[in-house]
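Read through the structure below, which is laid out as structure tokens, and then see the notes.
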Amino acid sequence: MWSFETDTEFQSKLDWANEFVLTEVEPLDLVLGNPYDKSDMRAMAIVKPLQERVKEQSLWACHLDPELGGEGYGQVKLALLNEILGRSRWAPTIFGCQAPDSGNAEILARYGTSEQKDRYLRQLLDGEISSCYSMTEPHAGSDPGLFTTRAVRDGDDWVLNGEKWFSSNARYASFFIVMAVTDPERGTRGGMSMFIVPAETSGVEIIRNVGTGTESEETATHAYMRYNNVRVPADHLLGEEGDAFGIAQARLGGGRIHHAMRTIARVRSSFDMMLERASSRHLRHGALGSYQLTKEKIADSWIEIEQFRLLVLRTAWLIDKHQDYDFVRKDIAAVKAAMPKVFYDVVMRAMHLHGSLGISNEMPFSELMVSAEIMALADGPTEVHKLTLANELLKGTTPVEGLWPSGHIPTRRAAAETKLAQQLEQVAGAY
Ligand SMILES: Cc1cc2nc3c(=O)[nH]c(=O)nc-3n(C[C@H](O)[C@H](O)[C@H](O)COP(=O)(O)OP(=O)(O)OC[C@H]3O[C@@H](n4cnc5c(N)ncnc54)[C@H](O)[C@@H]3O)c2cc1C
């Protein structure tokens with residue numbers, strides 16, 4: 001049964017969220033600092049009552065199942081909500097589903113011991129603390145097989161040494177989830193493990209905070225990290241020894257589709273600005289929108305956004321149906337590969353139609369352009385996802401026997417003639 005409708009009860013929640021984000025949350029983006037900075041008491045005083053209102057509406061931490069304090073709505077409903085939340089930098093924090101904390105919470109819930117959940121997960125779910133996922137390294141990002149950060153067992157402890165790159169929100173994190181090599185002989189599968197490292201552990205060093213685009217180091221949040229003889233107790237291993245690759249995949253599957261849901265919101269807001277500009281800016285012969293080349297930009301953008309949105313919703317629906325990220329590996333890879341292109345193309349057109357104002361720092365387009373490129377890199381570059389998609393598709397394809405492809409017309413015609421020979425002969429006699 002196909003349906004493109006939202007049930008009326010959830011639609012009323014979406015309507016509430018839409019209005020709430022517009023009037024109460026989007027203004028915060030313009031006056032408050034970083035949502036991950038839980039030490040900012042001024043921000044927290046404003047944010048806490050808003051979070052309570054979200055909880056009253058049963059919209060808190062929608063990515064989680066009820067036993068973890070979420071609503072268990074599933075991915076399609078989450079996608080519809082994220083289409084609203086993606087408009088605002090602060091909205092995911094106000095609704096308790098901000099990355100990377102959401103992904104870290106998911107793996108703590110799935111692989112953590114009860115002690116680990118008590119100590120780290122509860123506060124994270126309550127929005128009391130921030131966390132950091134520290135995986136990629138300065139010399140290697142896309143290929144985990146090249147990671148060198150080492151964890152060596154020493155009595156009742158593990159000792160970590162190495163450098164990590166682009167560890168987002170490290171400066172605000174209360175703990176880090178660090179991926180390290182525990183058995184160099186075994187490679188990515190079996191040779192790497194995940195560790196929970198409290199931020200105050202001796203030897204955890206932020207070399208510097210790296211910004212995106214023209215961001216200054218003062219506000220930058222992606223840390224270049226060094227772990228110098230960082231010693232954590234053995235019970236700080238997350239999951240089994242050697243299981244890091246599987247844990248990372250479980251974490252990233254959800255993360256990628258959630259980014260895509262929020263991206264729809266950001267692309268749509270660029271598109272709305274494009275429409276407004278086309279209707280409002282006048283040239284000598286009429287509004288910008290009356291020119292054919294502008295109309296083409298509008299039409300192309302709408303088609304691309306709707307295509308992308310359907311791909312995302314279909315993938316979300318498949319996740320709900322099969323409850324298995326492995327099953328939707330190729331679909332998530334397709335979403336991830338499609339995302340930066342639609343994002344970039346629509347933002348570029350909107351920016352271009354705004355002329356010099358568009359590229360200025362008085363409009364959001366430059367930042368959105370960098371965000372589009374971020375979506376092409378974070379959680380793996382587009383090329384890697386295209387490879388995954390193509391490999392999965394090729395896996396299910398049977399090679400043709402013989403010289404000619406199955407679409408070869410003379411071969412098909414010969415087969416059709418053989419199949420219909422008798423009938424053709426009969427009808428030829430009759431007419
Ligand atoms: C905003 C942002 C936040 C991030 N946050 C985190 C975080 O919190 N924690 C964390 O651990 N990491 C984080 N990352 C790092 C991210 O995961 C890496 O950027 C990503 O995995 C790519 O690695 P790299 O940047 O080292 O690029 P590289 O691996 O050097 O790749 C560079 C380019 O090489 C090409 N390439 C690579 N592999 C292939 C291939 N197989 N086939 C064809 N071409 C290929 C692609 O064009 C790719 O863009 C973040 C990145 C960004 C941009």
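The values are calculated or read from the model by the stated rules, or taken from the named source; none is laboratory data. Treat the numbers as computed from the prediction; the structure is a model and nothing was measured. Heads up, the Cβs are rebuilt from the backbone with ideal geometry, glycines too, and the neighbour counts pull from every protein chain shown. Just so you know, the surface numbers come from the protein's heavy atoms only, side chains and all, with ligands and any DNA or RNA stripped out. Shrake-Rupley method; radii C 1.70, N 1.55, O 1.52, S 1.80 Å.
Report the GluC sites (Glu not before Pro) located in region 169-229 that are in a DSSP loop and have at most 12 other Cβ atoms inside 10 Å of their Cβ, or state none.
Glu200, Glu217, Glu218
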Per residue accessible area of region 332-431, 1.4 Å probe, in Å²
67
Under the rule of at least 5 residues apart or a separate chain, name every residue whose amide H is placed under 5 Å from the amide H of Phe166.
Ala223, Tyr224, Met225
First check a/c for region 1-73, with a ≥ b ≥ c the square roots of the eigenvalues of its C-alpha gyration tensor; if it is under 1.5, answer rounded, and if not, answer prolate when a/b is larger than b/c or oblate otherwise.
prolate
Evaluate 2.2 N^0.38 Å with N set to the residue count of region 194-262, then give the Cα radius of gyration divided by it.
1.41
Could you do me a favour and compute the accessible area per residue for region 151-226, 1.4 Å probe, result in Å²?
45
Arg119 and Asp154 label points (each 7 Å along its Cα→Cβ direction) are spaced in nm at 1.8
Plugging the Cβ-Cβ distance of Ile359 and Glu67 into 1/(1 + (r/R0)^6) at R0 = 60 Å yields, to the nearest 0.05, a FRET efficiency of 0.80
Paramagnetic label zone (point 7 Å from Cα along Cα-to-C-beta, Glu200; backbone N under 16 Å) in region 149-182:
172-176
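Select from region 1-99 those GluC sites (Glu not before Pro) which occupy a DSSP coil region and have at most 14 other Cβ atoms within 10 Å, ordered by residue number. Each step should come with its number before you reach the end.
Values: sites: Glu5, Glu9, Glu19, Glu24, Glu52, Glu56, Glu67, Glu71, Glu83; in loops: Glu5, Glu71.
Those satisfying the criteria are Glu5.
How much length, in nm to one decimal, is gained on full extension between Glu128 and Trp302, taken as 0.36 nm per residue of separation minus their Cα-Cα distance? It would help to have the intermediate numbers written out before the result.
On the way: separation 174, 0.36 × 174 = 62.64 nm, distance 3.94 nm.
Extra length available between Glu128 and Trp302 comes to 58.7 nm.
When the chain is fully extended, how far beyond the present Cα-Cα distance does Val384 get from Leu310, taking 0.36 nm per residue of separation?
Roughly 24.4 nm would be gained on extension.
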Rounded to one decimal in nm, the spacing of the 7 Å Cα→Cβ label points at Thr397 and Leu30 is 5.1
If amide H atoms are modeled at 1.01 Å from N in the peptide plane, then the residues at a separation of 5 or more from Phe175, or on another chain, having amide H under 5 Å from its own are Cys132, Ala199
Between the modelled labels at Phe4 and Thr212 (7 Å from Cα along Cα→Cβ) the distance in nm is 3.0
Heavy-atom accessible area with a 1.4 angstrom probe orders Trp404, Trp60, most exposed first, as Trp404, Trp60
Given the C-alpha centroids of region 185-230 and region 377-431, what is the distance between them in whole angstrom?
50
Indicate the gyration tensor shape class of region 283-400 (rounded, prolate or oblate), computed on the Cα atoms with a ≥ b ≥ c the square roots of the eigenvalues: a/c under 1.5 is rounded; otherwise a/b larger than b/c is prolate and the rest oblate.
prolate
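Sort the chain into rounded, prolate or oblate with this rule: let a ≥ b ≥ c be the square roots of the eigenvalues of the Cα gyration tensor; rounded if a/c is under 1.5, and if a/c is not under 1.5, prolate when a/b is larger than b/c, oblate otherwise. Write out the running numbers ahead of the final one.
Numbers: a/c = 1.87, a/b = 1.26, b/c = 1.48.
Cα axes put the chain in the oblate bin.
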Could you tell me what percent of the accessible area of the chain is made up of carbon and sulfur, with a 1.4 Å probe and every protein chain present?
53
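Can you check how the C-alpha radius of gyration of region 55-121 compares to 2.2 N^0.38 Å, as a plain ratio? Mind showing how you got there, number by number?
Numbers: Rg = 12.2 Å, N = 67, 2.2 N^0.38 = 10.9 Å.
After normalising by residue count via 2.2 N^0.38 Å, the value is 1.12.
Note the full-extension length gain between Leu424 and Asp37 as 0.36 nm times their separation in residues minus their Cα-Cα distance, in nm to one decimal.
Result: 131.5 nm gained on full extension.
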Angle, helix 244-280 long axis vs. longest principal axis of the chain, Cα atoms, 0 to 90°, nearest 10?
70
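Give the accessible surface of region 1-124 per residue, rounded to a whole number of Å², with probe radius 1.4 Å and ligands, DNA and RNA excluded.
On the way: 6010 Å² over 124 residues.
Averaged over the residues of region 1-124, the accessible area is 48 Å².
How would Phe4, Phe308, Phe327 line up by accessible area, probe 1.4 Å, largest first?
Correct descending sequence by accessible area is Phe4, Phe327, Phe308.
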Region 97-182: GluC sites (Glu not before Pro) falling in loop per DSSP and having at most 12 other Cβ within 10 Å
Glu128
